[in-house]
Amino acid sequence: MDGITALFVEGMGAAAATSRILTQLQGRIFGLLYLSPGPVTLDALTDELQQSKSNVSVSVRGLIDWQLVRRVRVPGSRKDHYEAATDFWRVMQEIMERRFRWNLRQVVAAAEETGQAIAASTARGAGATERADFIAGRVTIIRDFFIAVDAGLGGFTRGEAFAPQPLQRPAVRSGRAT
């Protein structure tokens with residue numbers, strides 16, 4: 001691998017390592033494939049990156065799952081060949097949909113469950129307390145924010161424009177908007 005390619009490959013590995021989505025090796029594999037003018041075999045990847053075939057194979061499968069790499073057939077060859085995705089819009093849509101929207105929905109679910117527990121407690125005669133009101137206010141604010149972000153990411157994955165205004169709310173103190 002030439003020095004310029006190595007610089008990019010190592011940079012992609014470093015970026016991937018801090019992404020919490022990909023491993024350093026996956027970033028390096030993607031970087032090498034991205035700068036390759038044509039499909040590359042698993043053997044060539046292991047040679048260039050000086051990694052074991054099993055490590056590279058597992059990492060490539062993960063990259064395929066994230067749609068960052070695709071397996072391609074090369075006429076006259078029995079080996080699998082791989083190439084990097086170049087449609088970054090589609091790649092980012094996939095990452096947003098699979099990773100971030102799931103996390104957002106977990107926050108929304110926790111907020112809704114907490115709100116339901118407060119309502120049930122009040123209905124059982126426990127009565128509303130200052131603490132329950134505070135928690136209900138805070139839970140409503142975080143739920144509304146994450147619902148708006150989820151809707152925005154949904155639009156993003158469909159290629160729609162996303163305006164930040166629904167996310168902007170007044171500052172919060174003591175559980176209530178101020």
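When +1 charges are put on Lys and Arg Cβ atoms and -1 charges on Asp and Glu Cβ atoms, the dipole computed for the chain relative to its Cα centre reaches about 460 debye. Look at the dipole of the chain built from charges on Cβ: of Val74, Leu33, Thr114, the Cα furthest out on the positive end belongs to Thr114. Across the options Ser52, Gly137, Asn103, the greatest Cα extent toward the positive end of the charge dipole of the chain (unit charges at beta carbon of Lys, Arg, Asp, Glu) belongs to Gly137. Helices assigned as whole DSSP H runs in the chain whose Cα atoms extend at least 27 Å along their own long axis and whose mean Kyte-Doolittle hydropathy is 0.0 or higher are found at 130-157.
All other residues whose Cβ lies under 9 angstrom from that of Tyr82 are scored, Lys and Arg at +1 and Asp and Glu at -1, for a net of 0.
Quick check: convex hull of the Cα atoms in the chain, volume per residue, rounded to a whole Å³?
Per-residue hull volume (Cα only) is 175 Å³.
Counting neighbouring beta carbons within 10 Å and listing from fewest to most, the residues Met1, Met92, Met12 come out as Met92, Met1, Met12.
Laboratory data are not the source of any read-out in this text; all were calculated from the coordinates shown. Remember, it's a predicted structure, so these values are computed and weren't measured experimentally. Glycine gets a Cβ as well: all are built from the backbone with ideal geometry, and neighbour counts include every protein chain shown.
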